[in-house]
Structures are given as C-alpha cells and as structure tokens.
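Worksheet for the structure shown next.
The values are calculated or read from the model by the stated rules, or taken from the named source; none is laboratory data. From a predicted model like this one, the values you see are computed outputs, not experimental measurements. Cβ atoms come from the backbone with ideal geometry, glycine included; neighbour counts cover every protein chain shown.
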Amino acid sequence: MPSVIVLDPLAQEGLDLLDAAEGITYEVRTGLKGDDLREAVSQFDGAICRSGVKLTSDVLTGKSKLKAVVRAGVGTDNIDKDAATKAGVVVMNTPAGNTISTAEHAIALMLAMSRSIAPAYQSLIEGRWDRKAFMGAQVAGKTLGIVGLGRIGLAVAARAKALEMDLIGYDPFMSAERAKQLGIELVENVADMLPRVDYLTVHTPLTEETRNLISTEQIEVMKPGARLINCARGGIYDEAALAEGLKAGKIAGVALDVYPDEPCTDSPLFGMPGVVCTPHLGASTEEAQTQVAVEAVELLTAYLSTGA
Ligand code: MLT
C-alpha cells in the first residue's frame, strides 16, 4: 500500500482527500530537518511539501522508498531536482493554484506602496493625523512593465488594465501578436522597457539569467521615481542596489514579498522610506492554499496508484 508523508502544513481539504484516497496511507510530519528528515522521507513512497522544508541532495540520496515529491505551489527551488532525478524521484508542482492570489498580492503591494498605506497606518496609531507626509501617486495612466508573461504575469496584466494602466511586457515565449491582443506592448528585452516604466513587476523564476536582473546599472537607466515590485523570487532584484537607488532618490519605492534568503528578518530595505514588505504572502490565501493542496494530493495519489 503506497504511503505519503506531508512535510509542510497543508490545507485541510488536501488532507481530507488523502483520508478518502483508497489504498493510500499518510502521515503529517512537519518541521523535520537533517537526519530526521532524511530518515522520514526514505520510508515513504511519496512526499508533499510547500516551501518550508528543504529537500537537498543529502535528503534525497541513499537507500529510500521515495518515488515522487509534489510541491504544493509553483516554485520547486527548495527541492534539489538533479539529486531527485539521479535518485529516480519524480518532482511535480501545482503551477495554477495560486496564480490569482499572487497576482492580487502584486497589485496590493503596488497600491500600498503608491499610497503609503503601511507608514500612514503606523503614524496614525502612534497618535498623529498627518496628511501632508503621505502624498501618494495615482496608478491610472501610469506605465507598468511586466517581466514574465506566464500565468501570474498575465493575471497581473489583466488587473492592471482594469486600473487603467498602460502595459509593457517582456517574455521571450510570447508573440507580439498575442501580446497586442492582450493590450500589452511587447519589447525584445528588459532594457528597452526600463526608461519607460513608472512601475516594474517581475514574474519569473530565479535562474542564472534572472538573478540580479535589476541592479545598479539597470536602476541608472530607469525612469526617475520608478517603483519596483517583486512577488516572484528573491534575488531577481539586487536588494543592495535598490537601497542605494532609494537613498539617491533615483527610485521612489520598492515593494517586496520575497527575499534572497528566506525566512528573512533583516534586509537593507527594511524601514527605508518608500518601502513596503511582506513575508512571502503571495500564495497565502484560503483559496490558493486549498487549491494547491487539492492539486498536490490529486497529482501524487494518481502517480502512486497508476505511475502516471
Ligand atoms: C510558490 O512558489 O508557490 C509561491 O511562491 C508560494 C510559496 O512558496 O508558498
């Protein structure tokens, strides 16, 4: 009888599906690390994780029953995929489940940054009624640059369109014709959009190509007063360069949900004026967590029962 280990907290709907899955047993064992993690994982046929647990080569290599891991979410950067392949472990993800929630969070951060929501609330609860300190920027009529026009990038585009923003996009896999149908002006490289955008948002994985995509050199050519949002992966923006850009008044704002090293409790940007940050909350909605949990369980149980 195939067995499953759930390594990170999973929405109840996913656990209910596991309960109902005939011929499958499961255990929830969260917070495991090191030898405990390796030993536990090796005793199960399948594993479900989110981003909390790190499935490194040490965990995946060696004598083990493990055949498949499903990431309840998009990014599989917490799983060593080379080691998994060598060990014959299939790695799957649930790419669609948190699209809308993540796109909504990018829009929420853009608006919060533009209207100083966090510092204005802080000032108010500290007893000040200060309307002058928080002069904001309207987003309607402004240009939003979107790097990466996959599921999340396009969901952001649709919402930004409704906010009456002009859109410029970059994605090597999108045709100019398709982009035009969606009301997005497609450019051939990121550098082409930088001098033109008031807001920039990235929706790509972190790869060697996207690491430090925006650093000092890119900030130099951006429109003065631009604002940047990252709800994708930490490291796509060079945080030190963003801090310098803010200090020098080259950029007006930064909104981050993701960091090069997570959990992150210290960043050069924390506390700077114009900055709003959240602790990787893009997919943290009831709806997204339910959907990714259900999709993850469906994928894993189908794989373990049929091998497909
Ligand atoms: C994902 O990759 O699914 C999102 O970044 C959300 C998460 O890591 O929890």
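Considering every residue within region 61-71, establish whether at least one is touching a residue at least 40 places away in the same chain (Cβ under 8 Å), surrounded by fewer than 19 Cβ atoms within 10 Å (Cβ to Cβ) and within 16 Å of the ligand (Cβ to nearest atom).
Looking for residues that are touching a residue at least 40 places away in the same chain (Cβ under 8 Å), surrounded by fewer than 19 Cβ atoms within 10 Å (Cβ to Cβ) and within 16 Å of the ligand (Cβ to nearest atom), one finds none in region 61-71, hence no.
Out of all the residues in region 239-255, which are small (Gly, Ala, Ser) and within 15 Å of residue 215 (Cβ to Cβ)?
Correct list: 240, 241, 243, 245, 248.
Take the residues of region 202-219 that are among the charged types (D, E, K, R) and not in a helix (DSSP H, G or I): which is nearest to residue 283 (Cα to Cα)?
Looking at the filtered set, the residue picked out is 211.
Please find, within region 75-109, the residue that is farthest from the ligand (Cβ to nearest atom) out of those that are charged (D, E, K, R) and in the same structural domain as residue 59 (by TED's automatic domain parsing).
86
Given the residues 146, 168, 152, which is the only one that is β-branched (Val, Ile, Thr), within 16 Å of the ligand (Cβ to nearest atom) and in the same structural domain as residue 272 (by TED's automatic domain parsing)?
Working: 146 fails: within 16 Å of the ligand (Cβ to nearest atom); 168 fails: within 16 Å of the ligand (Cβ to nearest atom).
Within the list 146, 168, 152, the selection yields 152.
Of these, 23, 31, 88, which one is modelled with pLDDT under 95 and surrounded by fewer than 18 Cβ atoms within 10 Å (Cβ to Cβ)?
23 is the lone residue from the list that is modelled with pLDDT under 95 and surrounded by fewer than 18 Cβ atoms within 10 Å (Cβ to Cβ).
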